[in-house]
Amino acid sequence: SAISVPPPKCLQKPLVVPHRHMFGPGPSNVPPRILELSLGCMLSVLMPFSIMSDIKSGIQYMFQTQNKVTLAVSGTGHTAMECAIFNTVEPGDSVLAAVNGIWGERAADMAERIGARVNTIVAPPGGCLTIEDIEKALSKHRPVLLFLAHGESSTGVLHPLDGIGKLCHKYNCLFLVDCVASIGGAPVYMDQQGIDILYTGSQKVLNAPPGTAPISFSERACQKIFSRRTKPVSFFLDLSCLANYWGCDGKPSRGYHHTGPVTAFYSLRESLAVLVEEGLENSWDRHQKVAEYFHAGLESMALKLFVKEKHLRLPTVTTIVAPHGYDWKEITSYIMKTHNLEISGGLGPSVGLVLRVGLMGCNSSRANADMVLAALRDALKHCHRSKV
Ligand code: GLV
């Protein structure tokens with residue numbers, strides 16, 4: 001019989017991808033050095049162990065951890081988030097999600113989907129939770145897992161981590177931290193801060209294409225995971241399979257589990273090499289200095305920062321109070337059209353309230369901060385002031 005779906009016309013034209021300054025909350029620009037690696041030739045589904053082991057060492061450095069079970073999940077930050085939750089939580093377990101923006105809400109949703117009893121503690125918009133808030137909730141709900149976003153890209157909050165790990169352990173709870181938007185741009189010390197599971201994505205400070213997600217599990221996390229009563233709901237994200245695929249389980253041979261995004265792993269390795277070359281502390285320092293410079297520039301234009309307390313401001317993603325009287329969508333599209341530059345509006349609880357600017361990895365420079373300031377100045381001059 002004849003085919004009834006004709007070849008689509010749209011695919012008979014070449015795809016033209018414009019160059020853009022990616023100064024939103026991610027993905028950020030991928031420098032040629034990292035992009036070139038994604039054109040590398042394909043290797044087997046079981047990549048050479050040396051590449052995987054280099055990636056593992058790079059993640060251990062970036063996370064400041066000695067954890068054996070350290071790997072990169074095939075997928076974006078959401079995949080790592082589900083990997084963390086699906087492996088640690090069994091149906092009926094109590095989970096506590098600290099909500100200081102969208103990511104806590106997402107973690108609560110994921111845990112609910114697998115039958116956990118979920119409670120949340122909610123920080124004020126643009127603020128954070130206190131150690132007392134957290135201890136009260138831990139002692140009330142006795143969760144097996146506490147979720148916290150370190151870099152809350154929707155509100156622009158950098159949540160303090162010190163003391164929370166110790167508190168979790170006092171209540172026999174695992175401490176899960178999302179550092180997708182913060183790692184490499186702000187200090188995180190996984191082992192010293194008692195973080196049991198930490199994950200990130202490749203497309204922010206690392207400047208690699210989206211699609212790989214570093215994650216690491218402490219010994220305590222592994223003990224809970226490897227003594228589960230039930231199998232994790234996901235085969236793809238089952239840590240015992242992933243640990244074997246990544247050669248983290250001490251077994252002499254690695255078996256086939258899934259086909260990883262091989263070329264994306266080459267880029268991830270290169271992005272970690274770039275971080276190693278600059279040095280973590282230098283990278284933290286550069287992001288902090290550029291953020292302070294950018295924030296001062298915004299304030300000099302009478303724009304307001306959504307996060308009032310300086311030490312809670314994420315150095316990678318800045319949230320600017322949506323300028324009064326303007327339609328924020330007009331501002332972002334004007335800047336895109338006129339300056340070829342992407343910034344974004346709010347996300348989840350911050351929709352309509354903020355503009356978000358990300359200066360991450362190679363994008364974090366004074367020159368780029370100046371470019372965004374000039375674009376904003378121009379937009380405020382040319383966009384309509386509504387009567388609202
Ligand atoms: C995605 O990570 C975002 O913050 O928009």
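Below, the figures for the structure above:
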read-out	value
Cα-based Kirkwood hydrodynamic radius, the range 84-152, one decimal, Å	11.9
Stretch gain in nm, segment Lys337-Gln66, where the contour uses 0.36 nm per residue and the Cα spacing is subtracted	92.9 nm
Convex hull volume per residue in cubic angstrom - Cα atoms of the chain	181
Cβ crowding within 10 Å averaged over residues, with 1-8, 85-92, 246-253 ranked highest first	85-92, 246-253, 1-8
Charged-residue dipole, Cβ positions (Lys, Arg, Asp, Glu), the range 231-317 about Cα centre, Debye nearest 20	280
Test item: Cα-centred dipole of the chain, Lys/Arg +1 and Asp/Glu -1 on Cβ, debye	620
The chain: most fluctuating residue of Phe147, Phe226, Phe265 per GNM, C-alpha cutoff 10 Å	Phe226
Spherically averaged projected area in nm², based on the convex hull that wraps the Cα atoms of the range 244-388	12.4
Extent along principal axes [Cα atoms of the range 1-64; Å; largest to smallest]	57, 36, 19
Members of Lys170/Lys308; Lys204/Lys329; Lys68/Lys166; Lys224/Lys310; Lys68/Lys170 lying beyond 29 Å, as alpha-carbon distances in this model show	Lys170/Lys308; Lys224/Lys310
Residue-span extension gain [Thr120 to Val321] - 0.36 nm each, minus C-alpha spacing	69.8 nm
Lys166 versus His19: modelled label distance in nm, points set 7 Å from Cα along the beta carbon direction	5.1
Stokes-Einstein D for the range 135-264, Kirkwood Rh over Cα pairs, 25 °C, 0.890 mPa s (µm²/s)	151
Net lengthening on full extension, Ser139/Asp370 (0.36 nm per residue, minus Cα-Cα)	78.4 nm
Inter-label distance for Thr130 and Ala296, nm, one decimal - labels placed 7 Å from Cα along Cα-to-Cβ	3.2
Selection from Ile51, Cys128, Leu146 lying farthest towards where the dipole of the range 1-151 points positive, charges on Cβ	Ile51
Centroid-to-centroid separation of the range 328-382 and the range 166-202 [C-alpha atoms, Å]	29
Cα centroid of the range 1-65 to Cα centroid of the range 90-124, whole Å	31
Antiparallel DSSP beta bridges within the range 32-276, percent to nearest 5	40
In order through the range 255-264: 3J(HN,Hα) via Karplus (6.51 cos²θ - 1.76 cosθ + 1.60), integer Hz, x for Gly, Pro	x, 6, 10, 8, 8, x, x, 3, 5, 5
For the chain, cysteines whose Cβ has no other cysteine Cβ within reach (under 4.7 Å)	Cys10, Cys41, Cys83, Cys128, Cys179, Cys222, Cys241, Cys248, Cys362, Cys383
Radius 12 Å from Cβ of Arg286, net charge of other residues (Lys, Arg +1; Asp, Glu -1)	-2
Within the range 1-87: Cβ-based charge dipole about Cα centre, in debye rounded to nearest 20 (Lys, Arg +1; Asp, Glu -1)	220
Length-normalised contact order of the chain in % [C-alpha pairs under 8 Å, at least 6 apart]	23
Summed side-chain charge close to Gly104 - residues other than Gly104 whose Cβ falls under 11 Å, Lys, Arg +1, Asp, Glu -1	-3
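Every read-out reported here was derived from the displayed coordinates using simple, explicitly stated rules and does not represent laboratory data. Since the structure is predicted, the reported quantities are computational estimates derived from the model, not experimental observations. As a convention, Cβ positions derive from the backbone with ideal geometry for all residues, glycine included, and neighbour counts pool all protein chains shown.
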